[in-house]
1. Filtering segment 86-95 down to residues that are part of a strand (DSSP E or B) and open to solvent by less than 50 Å² (accessible area, probe 1.4 Å), which residue is farthest from Leu74 (Cα to Cα)?
2. Evaluate segment 13-22: report whether one residue or more is farther than 16 Å from Gln110 by Cα, outside any helix (DSSP H, G or I) and modelled with pLDDT of 95 or more.
3. I'd like to verify a number: residues in segment 87-108 that are acidic (Asp, Glu) and closer than 19 Å to Asp28 by Cα, how many?
4. On the basis of being open to solvent by less than 70 Å² (accessible area, probe 1.4 Å), in a strand (DSSP E or B), of a type outside the set (A, V, I, L, M) and touching an Asp or Glu at 6+ places or on another chain (Cβ under 9 Å), does Gly83 make the cut?
5. Would it be correct to say that Leu52 is on the phi < 0 side of the Ramachandran plot and either touching a strand residue (DSSP E or B) at 6+ places or on another chain (Cβ under 7 Å) or in contact (Cβ under 8 Å) with a residue 40 or more places away in the chain (or both)?
6. Quick one: in segment 47-75, of everything that is under 20 Å from Phe33 (Cβ atoms) and part of a strand (DSSP E or B), which residue is least open to solvent (accessible area, probe 1.4 Å)?
7. Restricting the search to segment 96-117, which residues are without any contact (Cβ under 8 Å) to a residue 60 or more places away in the chain and either closer than 20 Å to Leu19 by Cα or open to solvent by 60 Å² or more (accessible area, probe 1.4 Å) (or both)?
8. How many of the residues in segment 1-37 are surrounded by 16 or more Cβ atoms within 10 Å (Cβ to Cβ) and touching a strand residue (DSSP E or B) at 6+ places or on another chain (Cβ under 8 Å)?
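The values are calculated or read from the model by the stated rules, or taken from the named source; none is laboratory data. Every value quoted in this text rests on a predicted model; they were computed, and no experiment measured them. Note that we place each Cβ from the backbone using ideal geometry, even for glycine, and neighbour counts take in every protein chain shown. Note: areas computed on protein heavy atoms with side chains; ligands, DNA, RNA excluded. Shrake-Rupley method; radii C 1.70, N 1.55, O 1.52, S 1.80 Å.
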Amino acid sequence: MTDPSERSPQEVFDEHLRLSQEHEFEQDIGRNFAEDCVVLTDRGVFRGHDGLKELAAMLEDELPGARYEYRTRLVEGHMAFLGWAAHGETARVEDGADSFWIEGGKVVAQTIHYTVKADGAAP
């Protein structure tokens, strides 16, 4: 088995997307994010695994049972970008945009932007 620290940014990114799609947030955080990672969002700055768990819980509350659509996936060197949409039981996102800095087999920094709209709301 490959040492997780030797995984390429593409491998880390692909596994993160797969686990997110499966709603396996705990496994994703433990395997793919550095313990001291920093995430910048319009909701504030979140640090470490505890911050990621808080963000994952917020997303699940906002978009219960969401199905994610990955519209744009780019990896260049240590950087990755994801354009996404999601459709949950009561709300949706059409403008999701995340960026990642990946090194040593882990995401060390991320930015997240998305706007939640209630189902039936005008675009």
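1. Ranking the qualifying residues of segment 86-95, first place goes to Ala91.
2. Applying the first criterion (farther than 16 Å from Gln110 by Cα) to segment 13-22 yields 18-19, 21-22.
If we keep only those that are outside any helix (DSSP H, G or I) as well, we get 22.
Within this subset, residues satisfying the condition of being modelled with pLDDT of 95 or more are none.
Taking every residue of segment 13-22 in turn, none turns out to be farther than 16 Å from Gln110 by Cα, outside any helix (DSSP H, G or I) and modelled with pLDDT of 95 or more.
3. 2
4. Spelling it out, Gly83 is indeed open to solvent by less than 70 Å² (accessible area, probe 1.4 Å), in a strand (DSSP E or B), of a type outside the set (A, V, I, L, M) and touching an Asp or Glu at 6+ places or on another chain (Cβ under 9 Å).
5. For Leu52, the condition - on the phi < 0 side of the Ramachandran plot and either touching a strand residue (DSSP E or B) at 6+ places or on another chain (Cβ under 7 Å) or in contact (Cβ under 8 Å) with a residue 40 or more places away in the chain (or both) - is met.
6. Tyr68
7. Going residue by residue through segment 96-117, those that are without any contact (Cβ under 8 Å) to a residue 60 or more places away in the chain are 96-99, 101, 114-117.
Listed by number, the residues that qualify are Gly96, Ala97, Asp98, Ser99, Trp101, Tyr114, Lys117.
8. 10
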